[in-house]
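The structure under discussion appears below in the form of structure tokens.
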Amino acid sequence: MKVRLKLNGVETAGDVEPRTSLGDFIREHERLTGTHLGCEHGVCGACTVLIDGRPMRSCLMLAVSADGRDVRTVEGYEGDPVMAAIRRFFKECHALQCGFCTPGMLATAYDIANRLPRADRARIRMELSGNLCRCTGYLGIIDAIEKSLDYIHGADRQTRKEAS
Ligand code: FES
Ligand code: FES
């Protein structure tokens, strides 16, 4: 079956089996191996990518279901200042060890940064509940996202209480 979608801003097409997942399409057909496949059952969140701007599990979606959609993987943030800040604080806060969960964590963090500028630590934890990490204990990840929000939305976060 033919699938056509926008992948990291580039119109892309390929022939796939009806059962091919979007995650496999991204990795095997497009050779974008930054998207990691862990459980392949919708549990771990490692495969999370943005689809039409929302974080979704690429292991659970069929490639043909992504036809006509806008897909963004971890390779697709060149020049994006929000992701640049998130990456900087992931590094500074030691928010990764083996890195297997990190592409999915970054997609979720990017969504939090854009959708929930006033999120507090409890809300960040809740938003991250679909992304599992075996290594870090999560504190570094939560620190990194909180610092990213402070940096990106500084004045707004200082003057207004969490309401989201
Ligand atoms: S690989 Fe998709 S949720 Fe685990
Ligand atoms: S850094 Fe290893 S699983 Fe998260």
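General observations
- Count - residues of segment 49-78 that are loosely packed, with under 15 Cβ neighbours inside 10 Å and within 15 Å of VAL16 (Cβ to Cβ): 3
- Consider segment 2-43 and keep the residues that are under 20 Å from ASP80 (Cα atoms) and under 12 Å from the mean Cα position of the chain (by Cα). The one that is surrounded by the most Cβ atoms within 10 Å (Cβ to Cβ) is THR35.
- For MET126, the test of being of a type in the set (A, V, I, L, M), assigned to a helix (DSSP H, G or I) and within 16 Å of ligand 1 (Cβ to nearest atom) is failed.
- Every residue from segment 23-40 that is over 29 Å from ILE112 (Cβ atoms) and either in contact (Cβ under 8 Å) with a residue 12 or more places away in the chain or in contact with a strand residue (DSSP E or B) (Cβ under 7 Å, 6 or more places away or on another chain) (or both): HIS29
- Residue in segment 68-77 that is polar (S, T, N, Q), within 16 Å of ligand 2 (Cβ to nearest atom) and within 25 Å of LEU149 (Cβ to Cβ) present: no
- Some residue of segment 92-110 being assigned to a helix (DSSP H, G or I), touching a residue at least 12 places away in the same chain (Cβ under 8 Å) and farther than 25 Å from GLU28 by Cβ: yes
- Residue in segment 21-30 that is modelled with pLDDT of 95 or more and assigned to a strand (DSSP E or B) present: yes
- Evaluation of THR136 against the conditions (1) surrounded by 13 or more Cβ atoms within 10 Å (Cβ to Cβ); (2) assigned to a helix (DSSP H, G or I); (3) more than 15 Å from the chain's Cα centre (by Cα) shows that the sole unmet condition is (2).
- Qualifying residue in segment 118-131 (condition: under 30 Å from ASP24 (Cβ atoms) and touching a residue at least 60 places away in the same chain (Cβ under 8 Å)): yes
- Pair list, Cβ < 8 Å and 6+ apart or interchain, from segment 5-22 residues that are among the small types (Gly, Ala, Ser) to residues that are outside any loop (DSSP other than H, G, I, E, B) and exposed (fewer than 11 other Cβ atoms within 10 Å of the Cβ): ALA13/LYS2; GLY14/LYS2
- Among the residues of this structure, ALA85 does not count as one that is over 18 Å from VAL10 (Cα atoms), assigned to a helix (DSSP H, G or I) and open to solvent by 50 Å² or more (accessible area, probe 1.4 Å).
- The listed residues are VAL82, VAL49, VAL64, VAL43, and the only one of them that is closer than 16 Å to ARG27 by Cβ and touching a residue at least 40 places away in the same chain (Cβ under 8 Å) turns out to be VAL49.
- Failed item in (1) buried (at least 16 other Cβ atoms within 10 Å of the Cβ); (2) under 15 Å from TYR110 (Cβ atoms); (3) within 15 Å of ligand 1 (Cβ to nearest atom), with ALA46 passing the rest: (2)
The values are calculated or read from the model by the stated rules, or taken from the named source; none is laboratory data. All values reported here derive from a predicted model rather than from experimental measurement. Here the Cβ is made from the backbone with ideal geometry for all residues, glycine too, and neighbour counts use every protein chain on show. In case anyone asks, the SASA skips ligands and DNA or RNA and just uses the protein heavy atoms, side chains included. Shrake-Rupley method; radii C 1.70, N 1.55, O 1.52, S 1.80 Å.
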